[in-house]
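*Asks:* Just dropping this structure here.
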Amino acid sequence: MANIRTLVLPTILFIQFLFVCSHVSSFCFIIKTLDKNHQSHDTANNGFFRGAVNTRLYDVSTQVNNFRGERYNNGNSTLPSPKEVAQRLGVKPTSEVPAKTWQRAWKVHKRLIPLLHCTDSCKPPDSSLNIACMWWKALSGNDQSSPVYDDGLAYDLLPSGWRKLVKFNRFYPRLHHANVELRTAYLDNAVFQIVSDIKEVDATVKILLICMGAGYDTRGVKMLERGIVDSVIEMDLPEVVKAKNRLMNRLWKRRPSLNNTTMPKLIPVDFNKIPGVQRELKRELGSLASTPNPEKWHTIFVFEGVMIYLDENIPSTLLNITSSALKGNSLDGSLCFADRLENVPGGDRALGELELQRNGWLIKDWCPKPGLARHMGSARLVGSEVAFVGEFQ
């Protein structure tokens, strides 16, 4: 055991050295590119946000996955710059660097993921960038200056030893993890705002949070731990749910305080198979409707970065069946999303309102950002008796 320990620390330090060297190289590349672009009129093609936004900067082009969102036009002047979005959310903006720098950072991380999990007893499978997002969210969650700081909650989900790399977050340029931080900050605050508005009207109302495609995210646990919501349901692919159960067991061991918290209920489901989704929603919401005083419950659906991986017409169908499931059980509810709506190529609010309303939702707030998961917003159920105090600030 002693020999193993003596090997682990030098290995961790060596990997950290590789990370730092990689990012120093990236910064050198940025400086050279900036110097060239200073004399060039072609800055838009190099991935800078000037006027029309070049969202290819966030495109993980090395992924085999065929993103549904990629088939939309990527250049759209209705999208604000990352700096504008970050300013609204109180988050440090992403680095304005060439697309090649983003791709280089992603390639380094992608190649290191198998190594980072080589000693991981949980061995979570990677599905739709779930593992990468787990690390990115841990980086932001460990940043005490960030509004998404979680006191090490996401960090405690990571494998032993290797997770210590996250503590050196000052060495990491604000690229992919900062982009994910934008949507994390938005969704956390949107949920909090909805809950605050509801509690202001009736403090006895309980909140059910349903995370559609939660992956290895810890939002549900965080909301329960902080007493913001009363119950959480998370839905995702069977292999993801199985792996997350293992990760949750590790989380319990590392955070004994969670023993007094009712943890999220994990439900395996394939969103591309609508009948199965409808069956699960009918069972869960039907069970809620049969409880005493079901009108004292408010359900909040959350979609984050899942629609871009689904088949055509599925995202719109999911919006429709979630609102229908609530209405079918005479329940009230809201919607928060940081994803890719169908029929909305850019950041046009009018198109977003139309897409949501035709599927049973009335838009409350709209905050688009660059990237594939470019649509952020909140909405309430059409015909809902809940009147929100105001838009999320």
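*Asks:* If you take the residues in the range 102-150 that are of a type in the set (D, E, K, R) and open to solvent by 60 Å² or more (accessible area, probe 1.4 Å), which one is nearest to Leu175 (Cα to Cα)?
*Replies:* It comes out as Arg104.
*Asks:* Separate question: Of the residues in the range 162-179, how many are assigned to a loop (DSSP other than H, G, I, E, B) and either among the aliphatic types (A, V, I, L, M) or open to solvent by 20 Å² or more (accessible area, probe 1.4 Å) (or both)?
*Replies:* Residues in the range 162-179 being assigned to a loop (DSSP other than H, G, I, E, B) and either among the aliphatic types (A, V, I, L, M) or open to solvent by 20 Å² or more (accessible area, probe 1.4 Å) (or both): 3 in total.
*Asks:* Hey, another quick one. Quick check: anything in the range 351-358 open to solvent by less than 50 Å² (accessible area, probe 1.4 Å), touching a residue at least 40 places away in the same chain (Cβ under 8 Å) and either at negative phi or not in a helix (DSSP H, G or I) (or both)?
*Replies:* Within the range 351-358 (the criterion being open to solvent by less than 50 Å² (accessible area, probe 1.4 Å), touching a residue at least 40 places away in the same chain (Cβ under 8 Å) and either at negative phi or not in a helix (DSSP H, G or I) (or both)), the answer is no, since none of the residues qualifies.
*Asks:* Scan the range 82-108 residue by residue and report those that are in contact with a Leu (Cβ under 9 Å, 6 or more places away or on another chain), assigned to a helix (DSSP H, G or I) and closer than 20 Å to Thr184 by Cα.
*Replies:* Matches in the range 82-108: Pro82, Val85, Ala86, Leu89, Trp102, Trp106.
*Asks:* Considering only the range 188-197, I want to know if a residue exists there that is touching an Asp or Glu at 6+ places or on another chain (Cβ under 6 Å) and open to solvent by less than 10 Å² (accessible area, probe 1.4 Å).
*Replies:* Looking through the range 188-197, none of the residues is touching an Asp or Glu at 6+ places or on another chain (Cβ under 6 Å) and open to solvent by less than 10 Å² (accessible area, probe 1.4 Å).
Residue by residue, here is whether (1) open to solvent by 50 Å² or more (accessible area, probe 1.4 Å); (2) on the phi > 0 side of the Ramachandran plot; (3) of a type outside the set (Lys, Arg) holds:
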residue	(1), (2), (3)
Glu234	no, no, yes
Lys242	yes, no, no
Arg250	no, no, no
Arg254	yes, no, no
Leu258	no, no, yes
Thr261	no, no, yes
Pro268	yes, no, yes
Leu281	no, no, yes
Ser290	yes, no, yes
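*Asks:* Name the residue that is least open to solvent (accessible area, probe 1.4 Å), counting only residues in the range 314-345 that are under 28 Å from Ser287 (Cα atoms) and in a loop (DSSP other than H, G, I, E, B).
*Replies:* Top of the filtered list is Leu331.
*Asks:* Let me ask something additional. Are any of the residues in the range 173-194 farther than 28 Å from Glu84 by Cβ and of a type in the set (Lys, Arg)?
*Replies:* No.
The values are calculated or read from the model by the stated rules, or taken from the named source; none is laboratory data. Quantities reported herein were computed from a predicted structural model and do not represent experimental measurements. Virtual Cβ from ideal backbone geometry, glycine too; neighbours counted across all protein chains shown. Note: accessible area is taken over every heavy atom of the protein model, side chains too, but ligands, DNA and RNA are not part of it. Shrake-Rupley method; radii C 1.70, N 1.55, O 1.52, S 1.80 Å.
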